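Novice: Here it is, the structure in full.
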Amino acid sequence: MAEETQPCPDCGTLVPFDPRFSPWCECGWNLEPPDRSHEWNAPSGPGRIYRALAAARATKLFEAAQRGSPERPRWGLEGTLLLGASSLLVCGMLLPPVGGVLLLLEARESPILLVPAIFLLAVAVAFAPRPGRLEKESLTSKESHPRLHDLVRRVAAELKVDPPELIAISADLNAYVTRVGLRQRRALVVGLPLLALLDREERVALLGHEMAHLANGDLTRGGIVHLAIHTLTVWIYLLEQPRPLDGSGIGGYAAWLVMIGASLVPRAMLWVLIHLSYDRAQRAEYFADRLGASVAGTPAFVGLLERLLQRHILELAQQRVVHHTTDRSVVDELVHLVHDTPPRERERLRRVAQLELSALDTTHPPTAFRIRLLESHPVEGARIELDAEANAALDRELASAAARIDRELVDAFRARLYPLRR
Ligand SMILES: [Zn+2]
Ligand SMILES: [Zn+2]
């Protein structure tokens, strides 16, 4: 069967045409379907200055990483400022409860103080610092998931770090280490959709990267920063209601405007914190990549990064399941779609990654830079191997979470389609 083609509108070359994917040409035509939905993102929009700055910063950090030895990223001046700002913020959060309690004590003499005291205490409750938490059903144990815990322990031992105290399985196409709860226990969260896409070597690479964040002490030093950032995010979420509360007329509208205005304060604070942590976060990612590659080998690590370039396919899988155009589960559909992606579409994604302009508010360096850095210092063999039999056993363990993850993915997609029917 002859392959269908169409001429490129820019240079006239005949390019292959596959109705499932957007066509593109070697000359660069249509590599990335343009997203001009927002003025900020238009090619000549105000965002271009910001994007140029971000790209320059990312390039500088990449070049430094390529020259430098894979030493641990240092804390530095921005780090000190970041720590200072975060500590100030967390201390500031203590003012309303302390003030509230003091006023309450005073109120025994002059009862009128009861009004501001109650107000401050209400503020204290609404805006208290929030430690991160994990849903109980997402947590695994050594008994329920022995293979997963064993693999994490082996990778951690290879990198000479204490393994995380908690391991959770989430519905994200992602993985991360974090601290949770009042005791601030170290937790690894791995997304089932991501694990499902990875082969044995890539799974080791992923865990290597995450354990490297522990080896680097990113969580230890980042604790108070993390708390500040997490709390600000919750404040923004509480203040930024999408529309005036119904049935409340002009009063409700005014209150809504005040809340939107007030949300600018935590937004600005978050902006400062994220930008102060930018360099350090990027260096930490490069460091974690190198350590991850030292455990799993460079080819496996690059394979992992290329899988992540296909993460947008998760949304397509969710859509197909919600619209009943497939009988598979979301994760199975995702795996099917990803394995069914032709080489030409993978090449397009690789080229888009090369063009990807960094943003100063992302936590990871551009994928193309990460791949280039790894390939310039290749590590051939793997120090940790997951044999086929152990991998199959791991898959059987993970299957126990499949039904829950599928439900979460379907619900999340429906909630985005019908945001008002919560
Ligand atoms: Zn062309
Ligand atoms: Zn990372």
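The values are calculated or read from the model by the stated rules, or taken from the named source; none is laboratory data. Everything numeric here is computed off the predicted structure, so don't read it as measured data. Glycine also receives a Cβ, built like all others from the backbone with ideal geometry; neighbour counts cover every protein chain displayed.
Novice: All but one of (1) surrounded by fewer than 17 Cβ atoms within 10 Å (Cβ to Cβ); (2) more than 20 Å from ALA300 (Cβ to Cβ) hold for ALA171; state the number of the condition that does not hold.
Specialist: (1)
Novice: Scan region 173-180 and give yes if some residue there is farther than 24 Å from ASP406 by Cα, without any contact (Cβ under 8 Å) to a residue 60 or more places away in the chain and more than 19 Å from the chain's Cα centre (by Cα), otherwise no.
Specialist: No, region 173-180 contains no residue that is farther than 24 Å from ASP406 by Cα, without any contact (Cβ under 8 Å) to a residue 60 or more places away in the chain and more than 19 Å from the chain's Cα centre (by Cα).
Novice: GLN184 versus (1) surrounded by 18 or more Cβ atoms within 10 Å (Cβ to Cβ); (2) under 22 Å from the mean Cα position of the chain (by Cα); (3) not hydroxyl-bearing (Ser, Thr, Tyr): which is the lone unmet condition?
Specialist: (1)
Novice: Could you list, in sequence order, the residues of region 187-221 that are surrounded by 23 or more Cβ atoms within 10 Å (Cβ to Cβ) and either basic (Lys, Arg) or without any contact (Cβ under 8 Å) to a residue 12 or more places away in the chain (or both)?
Specialist: Residue satisfying the conditions is ARG203 alone.
Novice: Grab the strands (runs of 3 or more DSSP E) fully contained in region 160-212, keeping just those with 3 or more residues being of a type in the set (A, V, I, L, M, F, W, C) and within 13 Å of ligand 2 (Cβ to nearest atom).
Specialist: 185-191
Novice: Would you please list the contacts, defined by Cβ atoms under 8 Å and residues six or more apart or on different chains, that run from a residue in region 110-130 that is more than 16 Å from LEU89 (Cα to Cα) and assigned to a helix (DSSP H, G or I) to a residue that is at pLDDT 85 or above and of a type in the set (D, E, K, R)?
Specialist: LEU113/GLU106; ALA117/GLU106
Novice: Now, a different point. Any chance region 40-63 includes a residue that's over 24 Å from the mean Cα position of the chain (by Cα), assigned to a helix (DSSP H, G or I) and at pLDDT below 70?
Specialist: Looking through region 40-63, none of the residues is over 24 Å from the mean Cα position of the chain (by Cα), assigned to a helix (DSSP H, G or I) and at pLDDT below 70.
Novice: Another question, then. May I ask you to list the residues in region 292-318 that are without any contact (Cβ under 8 Å) to a residue 40 or more places away in the chain and out of contact with any helix residue (DSSP H, G or I) (no Cβ under 7 Å at 6 or more places or on another chain)?
Specialist: Within region 292-318, HIS312 is the sole residue that qualifies.
Novice: If I ask for residues that are closer than 26 Å to SER170 by Cα, in contact (Cβ under 8 Å) with a residue 12 or more places away in the chain and part of a helix (DSSP H, G or I), which ones from region 372-402 would you list?
Specialist: Within region 372-402, ALA388, ALA390, ASN391, ALA393, LEU394, GLU397, LEU398, ALA402 meet the criteria.
Novice: Name every residue in region 3-31 that is more than 9 Å from ligand 1 (Cβ to nearest atom) and farther than 14 Å from LEU349 by Cα, in order of residue number.
Specialist: Of everything in region 3-31, those that are more than 9 Å from ligand 1 (Cβ to nearest atom) and farther than 14 Å from LEU349 by Cα turn out to be GLU3, GLU4, THR5, GLN6, LEU14, PRO16, PHE17, ASP18, PRO19, ARG20.
Novice: Only residues that are touching a strand residue (DSSP E or B) at 6+ places or on another chain (Cβ under 8 Å) and part of a loop (DSSP other than H, G, I, E, B): list them for region 5-21, please.
Specialist: CYS8, THR13, PHE17
Novice: Next up: Among (1) in contact (Cβ under 8 Å) with a residue 40 or more places away in the chain; (2) assigned to a strand (DSSP E or B); (3) not basic (Lys, Arg), there is one condition GLU137 misses while meeting the rest; what is its number?
Specialist: Condition (2) is where GLU137 drops out.
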